[in-house]
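Beneath this line is the structure, given in structure tokens, with notes to follow.
The values are calculated or read from the model by the stated rules, or taken from the named source; none is laboratory data. Predicted model, so just to flag it, every value in this text is computed and none were measured. Note that we place each Cβ from the backbone using ideal geometry, even for glycine, and neighbour counts take in every protein chain shown.
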Amino acid sequence: MICVSDQFPMDAAEYLEFRERNRSFQDVGAYVINAVNIGFPVLICAGVTTFAAEGDELEVHFDSGLVRNETQGTELYGEPYPPDSPPGQLLRMGGLRPFLERWLEDHPEARG
């Protein structure tokens, strides 16, 4: 099972199928942008498809970039978003909508 988060568990086969269906979006970055905007955790991790086999259990630490293959006992590091970067802030807030709602609470003058 790939533990993307408590809300988005998927096994390796589901992840690979999802990734293949969305390959064209990944090539232009639209997939990552959309995922961040809805608060879906994203970690760019080169080599992850050869690092994990179908049925492997992965543990992902989005803050550090660590991907641990619990089945094989191996580790790989991805590229985490810095906490103060726009994607990091959006992911911490749960996506674009909660981020904007919070911003509007803090800036009532912007409501017009």
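What the table shows:
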| quantity | calculated |
| --- | --- |
| Total residues in segment 75-112, condition out of contact with any Lys or Arg (no Cβ under 6 Å at 6 or more places or on another chain), closer than 30 Å to LEU58 by Cα and surrounded by fewer than 13 Cβ atoms within 10 Å (Cβ to Cβ) | 6 |
| Residue count, segment 62-82 (criterion: outside any strand (DSSP E or B) and either modelled with pLDDT under 95 or not charged (D, E, K, R) (or both)) | 11 |
| Subset of segment 64-74 [exposed (fewer than 15 other Cβ atoms within 10 Å of the Cβ) and charged (D, E, K, R)] | GLU70 |
| Hits in segment 29-61 - residues which are in a loop (DSSP other than H, G, I, E, B), modelled with pLDDT under 90 and surrounded by 16 or more Cβ atoms within 10 Å (Cβ to Cβ) | VAL42, LEU43, CYS45 |
